Amino acid sequence: MASTSKMVSTVIIFMAFLCTKALSQCEEETNNPCNNKSKALPLKIIGIAAILITSIIGVCLPLITRSIPALSPDRNLFVIVKAFASGIILATGFMHVLPDSFDMLRSPCLSDNPWHKFPFTGFLAMLSAIFTLMVDSMATSMYTTKNNAISAEGGESTTGDHEMAVAGGGGTHLHGHHHRPKGPIGAQLLRYRVVAMVMELGIVVHSIVIGLGVGASNDVCTIKPLVAALCFHQMFEGMGLGGCILQAEYKPLKKALMVFFFSMTTPFGIALGIGLAKTYKENSPSALITVGLLNASSAGLLIYMALVDLLAADFMGPKLQGSIKLQLKSFAAVLLGAGGMSVMAKWA
């Protein structure tokens, strides 16, 4: 996995420098009356603090509310809240990340050949979704092989019973996990862990890219509304990720690390943008290509995870299939989450 990540990063950086010829007006600063570096810096610092706090609140909310009986995983309310969070993740991919990538890779600052002659955004998003499917599938296969080997050797006899309980799906899959016997983890639980890790990766990449753009900008007219929109964006996106971390049942240290990385990525991106403000130009060919390709990869990953591992897994599970009323409530929650996040696309 590490070597694959390095290879993908190398390819993206290499492609970013394939096209360095751009129109001269794309390299030059425009005479924008809103450009004010001295006024923009305090706004960015305030933005770092505000986004950090809202990110922590959003991702920790599902983990904290676990102790509330009404929000326990075996209750209907948990299923509805999870559907709402899944809608947010889906809209993030479709309405925020994917359009940004299209805009960047279709920019007039890039040469016609090859960037305007081939839909790189759609192509890379498709490859990213296929790669995510491959990770999902291979992780499940590894579990199955290991479990079959243990069964053949007369391993844990209780594992199969636990597997049936975990694979029951819906809201009951987390009940009794603290009494899980030692041995290989259930396929469903392993799947939740893969979902949480891969989703965090996609969100982290997107968050750094967003923060970099804010930190490098000196436009005080856009920074104010953008920071406000990002606070809401990070809070709701954090709720979706927090729900996945909760289902993955990681140990406290791993939960803390995942919360830390999610909460710090956007503020880190802003700080990095501030440091690179003199050299980083949002409309330079290298920046447009690199960020555009990263956004396309992140979009494919988030869309796949939201549709396949979150929404389809729940709506086709026994809990929702057993109640039309609960399905309708969950559909309404998905639309509400996706709709709210779509409205935010106007600002962030």
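Nothing in this text is a laboratory measurement; each read-out follows from the coordinates by a stated rule. Predicted model, so just to flag it, every value in this text is computed and none were measured. Glycine gets a Cβ as well: all are built from the backbone with ideal geometry, and neighbour counts include every protein chain shown.
Only one residue of Thr92, Ser284, Tyr250 has its Cα farthest out toward the positive end of the dipole of segment 49-344, where Lys and Arg carry +1 and Asp and Glu -1 on Cβ, and that residue is Tyr250. Separation of the alpha carbons by more than 24 angstrom is noted, of Lys251/Lys325; Lys82/Lys254; Lys44/Lys346; Lys255/Lys346, for Lys251/Lys325; Lys255/Lys346.
Run down the lysines and flag those whose C-alpha is under 25 Å from the C-alpha of Lys117, throwing out any fewer than 8 positions away in its chain. Qualifying lysines at Cα under 25 Å: Lys21, Lys281.
Taking packing as the residue-averaged number of other Cβ atoms within 10 angstrom, the listed peptides 257-269, 318-330 run from highest to lowest as 257-269, 318-330. If every alpha-carbon in segment 261-348 counts as one equal scatterer, what log10 I(q)/I(0) does Debye give at q = 0.16 1/Å? Per q value, in the given order, log10 I(q)/I(0) is -0.88.
The charge dipole of segment 49-344, taken about its Cα centre with unit charges on the Cβ of Lys, Arg, Asp and Glu (plus for the first two, minus for the last two), comes to roughly 400 debye. Computed on the Cα atoms alone, the convex hull of segment 49-344 gives a volume of 140 cubic angstrom per residue.
Taken about its Cα centre, segment 269-332 carries a charge dipole of roughly 160 debye when the Cβ of each Lys and Arg holds +1 and the Cβ of each Asp and Glu holds -1.
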